[in-house]
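Visitor: Provided herewith is a single structure, encoded as structure tokens, for subsequent inquiry.
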Amino acid sequence: MQTDITELKKKAAAHAVGLIASGMVVGLGHGSTAIHAVHFLAERLKSGEIKNVLGIPCSLQVEEEALQCGMPLTTFEKHPLMDITIDGADEVDIELNLIKGGGGALLREKIVAQASRRVVIVLDESKCSPFLGKQRHVPVEIVSFGWNTHVFFLESLGAKVRIRRNADKSLYHSDQGNLIADCNFNEILNPRELAAIIKTHAGVVEHGLFLDLATDVVIAGAGGVRHLKRDRPAPAGKGDIE
């Protein structure tokens with residue numbers, strides 16, 4: 001079964017990478033499906049099929065992977081807006097809203113997504129749900145100072161909260177040095193309201209509810225690949241810095 005899921009992820013990633021054209025600046029997402037996309041993109045560049053593509057990674061792990069593949073990278077200082085980002089997700093609902101952050105990179109992933117003209121999410125059909133929270137918990141990135149008070153706040157919203165830990169039971173820290181609280185809200189009937197309330201609390205850095213950010217969702221399943229689209233406002237900004 002694991003091999004089947006891996007193959008589905010590869011099919012979705014390959015389809016998404018086909019949307020990248022020469023000269024684009026590309027956000028490189030975090031997670032297993034997004035890593036497949038990095039590999040496919042590097043192959044297209046090496047073959048000469050496309051040229052002059054630059055990447056901005058969402059995590060240190062993806063940055064290392066991209067460099068090993070020979071993928072040329074750039075920075076926000078040079079390119080504050082991206083043409084397209086390809087990333088994975090932990091869960092997607094019928095409105096193409098997402099839960100992300102299972103890999104711990106939700107803050108950087110959201111920054112990159114907000115700075116992208118097009119956000120393409122790649123996943124297998126097992127990640128689809130009628131409501132967010134049905135399958136996955138919502139990661140919330142919190143500062144370590146007073147972390148127990150942040151947990152108490154999240155619990156007051158109805159969540160069962162667990163602070164993420166590494167395999168050796170030590171506290172997990174994001175690339176920004178913050179903690180991750182995994183919050184089980186069960187089915188989330190009003191994700192916009194919940195997202196707004198979570199952000200009111202000092203000590204919450206960001207949450208894993210990615211609402212109205214995806215422009216495309218590529219879903220690979222037993223019946224093939226589905227490509228769903230929706231419009232969203234373009235990110236504000238003046239474009240690349242010369």
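The values are calculated or read from the model by the stated rules, or taken from the named source; none is laboratory data. This is a predicted model, so every value here is computed, not measured. Glycine gets a Cβ as well: all are built from the backbone with ideal geometry, and neighbour counts include every protein chain shown.
Visitor: Can you confirm whether Ala167 is small (Gly, Ala, Ser) and either assigned to a loop (DSSP other than H, G, I, E, B) or assigned by TED's automatic domain parsing to the domain that holds Asp90 (or both)?
Guide: Taking the combined requirement at face value, the residue satisfies it.
Visitor: For the stretch 94-149, which residues satisfy the criterion of being part of a helix (DSSP H, G or I) and either among the small types (Gly, Ala, Ser) or in contact with a helix residue (DSSP H, G or I) (Cβ under 8 Å, 6 or more places away or on another chain) (or both)?
Guide: Passing the criteria: Ala113, Glu125, Ser126.
Visitor: Please determine, by comparing only the residues of the stretch 170-184 that are surrounded by 12 or more Cβ atoms within 10 Å (Cβ to Cβ) and farther than 17 Å from Phe145 by Cβ, which one is modelled with the lowest pLDDT.
Guide: If we take residues in the stretch 170-184 being surrounded by 12 or more Cβ atoms within 10 Å (Cβ to Cβ) and farther than 17 Å from Phe145 by Cβ, then Asp175 is modelled with the lowest pLDDT.
Visitor: Now for a separate question. Are there any pairs with C-beta distances below 9 angstrom linking a residue in the stretch 188-205 that is farther than 13 Å from Asn97 by Cα and touching a residue at least 60 places away in the same chain (Cβ under 8 Å) to a residue that is among the small types (Gly, Ala, Ser) and surrounded by 11 or more Cβ atoms within 10 Å (Cβ to Cβ), with the two at least 6 apart or on different chains, and if so which?
Guide: Close Cβ pairs satisfying both conditions: Gly203/Gly146; Val204/Ala181; Val205/Ser174.
Visitor: Also, quick follow-up: Quick check: is even one residue across the stretch 46-60 touching a residue at least 40 places away in the same chain (Cβ under 8 Å), in a loop (DSSP other than H, G, I, E, B) and touching a Gly at 6+ places or on another chain (Cβ under 9 Å)?
Guide: Checking the stretch 46-60: at least one residue is touching a residue at least 40 places away in the same chain (Cβ under 8 Å), in a loop (DSSP other than H, G, I, E, B) and touching a Gly at 6+ places or on another chain (Cβ under 9 Å).
Visitor: What number of residues in the stretch 17-36 are modelled with pLDDT of 95 or more and assigned to a helix (DSSP H, G or I)?
Guide: Final tally of qualifying residues: 1.
Visitor: Which of the numbered conditions does Ala167 fail, given that it passes all the others? Conditions: (1) surrounded by 12 or more Cβ atoms within 10 Å (Cβ to Cβ); (2) out of contact with any His (no Cβ under 9 Å at 6 or more places or on another chain); (3) at pLDDT 95 or above.
Guide: Ala167 satisfies every listed condition except (1).
Visitor: Given (1) within 22 Å of Glu193 (Cα to Cα); (2) in contact (Cβ under 8 Å) with a residue 40 or more places away in the chain; (3) among the aromatic types (Phe, Trp, Tyr), where does Phe152 come up short, assuming only one miss?
Guide: Exception for Phe152: condition (2).
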